[in-house]
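Working notes, structure below.
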Amino acid sequence: MNIISTNIEDCLVIEPKVFFDERGYFFESFNETVFQKETGLSVRFIQDNQSKSSRGVLRGLHYQRAEYQQAKLVRVLQGEVLDVVVDLRKDSSTYGQHFTEVLSDSNFKQVYIPRGCAHGFIVRSEYAIFSYKCDNIYNKESEGGIKYDDPSLGIDWEFNLEEVIVSEKDKVLPLFEKALSLW
């Protein structure tokens, strides 16, 4: 596996070793021992989630607060998305910065998102099936979010934002500065 550091502290792009032959391909999507050895991070995933979304669907930017914060390992099983991470950790050297990466079923990349970061993605293909490994359970009372088009974040979603499909809940999320007062 190839581990690539990003501009967000402890946020990593992971490129697994993929073995191709006439039958197709095989790769190990996660191995706790190898992950810990290669990254120096100790994480125990306890919940897996999966979503399917159509082209132009934007999910995010979401996070969990307090004892329900989640580290995530995300990847695309089918299709292509632009994945976005925003650092909300006030004590982090990358606080307020964001990172983007294209994840697809053809590049096999994964993104490790540390606790204390917001996450979202937009579907660039006809549809995408997205997989999340989480190190903590979801808690509705601890959920939070940031408006995806907050100008202070300057995120280039590489998509016409007038054409995105966003949930009613995500349309009314607070801006970055207001969301942090709720943190």
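The values are calculated or read from the model by the stated rules, or taken from the named source; none is laboratory data. Computed from a prediction, not measured in an experiment: that's the story for all the values here. For neighbour counting, all protein chains shown are included, and Cβ atoms are generated from backbone atoms with ideal geometry for every residue, glycine included.
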Kindly evaluate residue 3 against the criterion of being part of a strand (DSSP E or B) and either touching a helix residue (DSSP H, G or I) at 6+ places or on another chain (Cβ under 8 Å) or of a type in the set (Val, Ile, Thr) (or both).
yes
Restricting to region 151-183, count the residues that are surrounded by 14 or more Cβ atoms within 10 Å (Cβ to Cβ) and part of a loop (DSSP other than H, G, I, E, B).
9
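Go through region 92-150 and tell me which strands (runs of 3 or more DSSP E), entirely inside it, have 1 or more residues that are of a type outside the set (Lys, Arg), farther than 24 Å from residue 41 by Cα and touching a residue at least 24 places away in the same chain (Cβ under 8 Å).
Working: elements: 98-104, 110-113, 117-123, 127-134, 143-145.
Fully inside region 92-150 and qualifying: 98-104, 117-123, 127-134, 143-145.
To keep it simple, each residue is scored yes or no on (1) of a type outside the set (Gly, Ala, Ser); (2) more than 17 Å from residue 117 (Cβ to Cβ); (3) exposed (fewer than 14 other Cβ atoms within 10 Å of the Cβ).
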{"position": "8", "(1), (2), (3)": "yes, no, no"}
{"position": "43", "(1), (2), (3)": "yes, no, no"}
{"position": "48", "(1), (2), (3)": "yes, yes, yes"}
{"position": "56", "(1), (2), (3)": "no, yes, no"}
{"position": "63", "(1), (2), (3)": "yes, no, no"}
Which of (1) on the phi < 0 side of the Ramachandran plot; (2) modelled with pLDDT of 95 or more; (3) surrounded by fewer than 21 Cβ atoms within 10 Å (Cβ to Cβ); (4) out of contact with any Pro (no Cβ under 7 Å at 6 or more places or on another chain) is the odd one out, the single condition residue 71 does not satisfy?
(4)
Pairing a residue in region 30-58 that is in contact (Cβ under 8 Å) with a residue 12 or more places away in the chain and in a strand (DSSP E or B) with any residue that is surrounded by 16 or more Cβ atoms within 10 Å (Cβ to Cβ) and among the polar types (S, T, N, Q), where Cβ atoms lie under 8 Å and the two sit 6 or more apart in sequence or on different chains, gives 47/136; 48/131; 49/131; 50/131
